[in-house]
Amino acid sequence: MRTQTEIGLIGTITYDVITSDAGDVYRGLGGILYQAAVLSALERNVFLFTNLGRDLAGRVEKVTSHWPTLQKEGIQYAQGPGNQVHLHYPEKGERREILKSVVPPLDPQGVLQSLERLHMLVSVLNSGFDITFADWRRIADAASCPIWLDLHSLVLSRELNVPRRYISNIPWESWARGVTYLQANKAELGCLMGRVGKDLSDAEIKRFGQRAFGLGLRAVFITLGRDGVWVLTPGRAHVIVSSHADTVADTTGCGDVFCAMTVKDLMEGADPFSAAEAGVELATRATAVKGVEETVALVRRVSSGLEHS
C-alpha cells in the first residue's frame, strides 16, 4: 500500500436527503466523508477529525469499515441525530440547502496533537458549525504542513429548517491567513467579494487571486460546475475543463472529490494546474455515481486501471 503521506481532514459528516424536481430521492452519508472516501480508495493515510452525532455512528462505522487507511481516532461524538441536511436540485438554478440539525464545533485538541505527523491538512467548512474561528486560528497558526481550506459554508446563513441564504461581508482573509490552497465555487467567491448573486468577470476573479496571494497563498481554486475550475497562482491563471462528460446522476460531493484528488497530486509534487486537471477529471466521473460508497468503488476502479476515459 502507498501510505507514505498522511493527511488530516477537518469537517463535518452529514446525513443527506437529496431530492429533485423529478421526484427522485436519495439518502446517505456525505460531507467530509467524500474527501475521506477518495483518499482512502487511493490508499493514502487519512486522519479524520470531526464531531459526529451518535445516531449516525453506526452508519459511519458500517460504511468506512472497509477503508483500511482511514484513521478514526479523531472522531468526537455528540448526542443526537448529527448533522442532517436536505438538498434539493431544481431543473434550473442553484440547489437549495436546508440544515435540519447540526453538531457543536470540533474540539481542536486532537488536531493540535497530530499536526507534527501530517503532510497536509484539509479543512472544509461543510456546515458553518464545523469549528470556531478562534480554534481554527489556533490550528492554522500552529501547522507547519500545507493547508487546504474550502470556505463553502462561510458564506451561507446558519439558520435551521429554512433554505440557506448567501451572505456577504465575510472576513475571509482572517480565515485564509496561513493557508496554502483556497477552494470556493463561483457563487461563494461572489459573496467573498461583496457581490452576492453577481456573475463575476474573469478580471474580478483574477483580482481576488491577487488579494489571496498577498496573504501568502500559493494557489486558489474556483470551481465552476460543468465549466471546470479556475486555477490561479501568482504567475498564472487558467481554466481547466474536463476532457470528457459522463452521464450526470448526482453532483453532490463533486467539489469534494475534486479537492481530494487535487490534494493527493499536490502532495506528490504536481503543480497546481496538473493537480487540478486530475481533480477535474475524477470529479467529472463522480457525477455518474451517487454517495460515498459508490464514489469509493469508482475511485478504486479508476486507480486500478479498470475504468478508462
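The values are calculated or read from the model by the stated rules, or taken from the named source; none is laboratory data. Just so it is clear, the model here is predicted, and its values are computed rather than measured. Note that we place each Cβ from the backbone using ideal geometry, even for glycine, and neighbour counts take in every protein chain shown.
Some observations on this one:
- The condition of being in a loop (DSSP other than H, G, I, E, B), closer than 26 Å to L52 by Cβ and free of Cβ contacts under 8 Å to residues at least 60 places away in the same chain holds for only one of R195, R138, R158, that being R158.
- Selection count where residues are touching a helix residue (DSSP H, G or I) at 6+ places or on another chain (Cβ under 7 Å), over 19 Å from V124 (Cβ atoms) and at pLDDT below 95, scope the stretch 206-237: 1
- Residue identified as surrounded by 16 or more Cβ atoms within 10 Å (Cβ to Cβ) and of a type in the set (S, T, Y) among Y77, Y89: Y89
Rundown of residues vs (1) in contact with a Leu (Cβ under 7 Å, 6 or more places away or on another chain); (2) closer than 19 Å to A36 by Cα; (3) of a type in the set (V, I, T), yes/no style:
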| position | (1), (2), (3) |
| --- | --- |
| V111 | no, yes, yes |
| N126 | no, yes, no |
| T132 | no, no, yes |
| R137 | no, no, no |
| P146 | no, yes, no |
| S157 | no, no, no |
| R164 | yes, no, no |
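- There is at least one residue in the stretch 112-129 that is free of Cβ contacts under 8 Å to residues at least 12 places away in the same chain and either in contact with a helix residue (DSSP H, G or I) (Cβ under 8 Å, 6 or more places away or on another chain) or closer than 14 Å to F47 by Cα (or both).
- Search result, residues across the stretch 57-74 that are of a type in the set (V, I, T) and either more than 15 Å from E6 (Cα to Cα) or surrounded by fewer than 16 Cβ atoms within 10 Å (Cβ to Cβ) (or both): V60, V63, T64
- G178 farther than 23 Å from G216 by Cβ and either at pLDDT below 95 or not polar (S, T, N, Q) (or both): no
- Some residue of the stretch 44-57 being out of contact with any helix residue (DSSP H, G or I) (no Cβ under 8 Å at 6 or more places or on another chain) and under 30 Å from G269 (Cβ atoms): yes
- The sole residue among I205, I170 that is surrounded by 14 or more Cβ atoms within 10 Å (Cβ to Cβ), touching a Cys at 6+ places or on another chain (Cβ under 8 Å) and closer than 22 Å to I147 by Cβ is I170.
- Every residue from the stretch 78-95 that is within 21 Å of the chain's Cα centre (by Cα) and on the phi < 0 side of the Ramachandran plot: N83, Q84, V85, H86, L87, H88, Y89, E94, R95
- Test: residue in the stretch 249-259 that is over 17 Å from L224 (Cα atoms), without any contact (Cβ under 8 Å) to a residue 60 or more places away in the chain and of a type outside the set (D, E, K, R): yes
- D250 vs. criteria closer than 29 Å to H88 by Cβ, modelled with pLDDT under 90, loosely packed, with under 14 Cβ neighbours inside 10 Å and out of contact with any Leu (no Cβ under 8 Å at 6 or more places or on another chain): no
- If the condition is being free of Cβ contacts under 8 Å to residues at least 40 places away in the same chain, of a type outside the set (G, A, S) and in a helix (DSSP H, G or I), then the stretch 269-297 contributes E277, E281, R285, E294.
- Test: residue in the stretch 162-179 that is outside any loop (DSSP other than H, G, I, E, B) and in contact with an Asp or Glu (Cβ under 9 Å, 6 or more places away or on another chain): yes
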